[in-house]
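Read through the structure below, which is laid out as structure tokens, and then see the notes.
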Amino acid sequence: MTPEERFERIERNLALQGEHLAMLLENAKTHASDIEGLIESSRLLNEQMRLGKAERDQDAENIRRLANIAQAHEHRLDDLEGDKSQ
């Protein structure tokens, strides 16, 4: 093989490696974009879960307050009925 043929072969190999590196770089960019999308989706889901928990906690507090009001009214009615029976 002549030196010129060797240089041509080396240049072809370098060109192929360059193309391969370019494809790998593009692939890495695509994966990075996919990962960024997943991270953003995860952030949104976490925020929705946080808001849902806050709403659930507020609902639970409201239910406890309503239960206390109902219990107070029940005691009041019991007291009123007790007064009528005497």
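The values are calculated or read from the model by the stated rules, or taken from the named source; none is laboratory data. Please read these numbers as outputs of a predicted model, since none were measured by experiment. Virtual Cβ from ideal backbone geometry, glycine too; neighbours counted across all protein chains shown. These accessible areas exclude ligands, DNA and RNA; they are computed on the full protein's heavy atoms, side chains included. Shrake-Rupley method; radii C 1.70, N 1.55, O 1.52, S 1.80 Å.
When the helices of the chain are scored as -39500 (n - 2.57) per DSSP H run of n ≥ 4 and the total is divided over every residue, the value at 222 nm lands at -37000 deg cm²/dmol. Within the shell defined by Cβ-Cβ distances under 13 Å, the residues around Asn13 carry a net charge of -1, with Lys and Arg each +1 and Asp and Glu each -1.
Shown for the chain: the carbon plus sulfur share of the solvent-accessible area, taken with all protein chains present and a 1.4 angstrom probe, equals 58%. Helix 3-85 axis versus longest C-alpha principal axis of the chain: approximately 0°, rounded to the nearest ten.
In the list (i) 78; (ii) 52; (iii) 69, the label attached to percent of Cα pairs over 16 Å apart as derived from the coordinates here is (i). The stretch between Ile69 and Glu19 holds 10.5 nm of extra length on full extension. This uses 0.36 nm per residue minus the Cα-Cα distance.
Between Glu8 and Glu26, the contour length at 0.36 nm per residue exceeds the alpha carbon distance by 3.8 nm.
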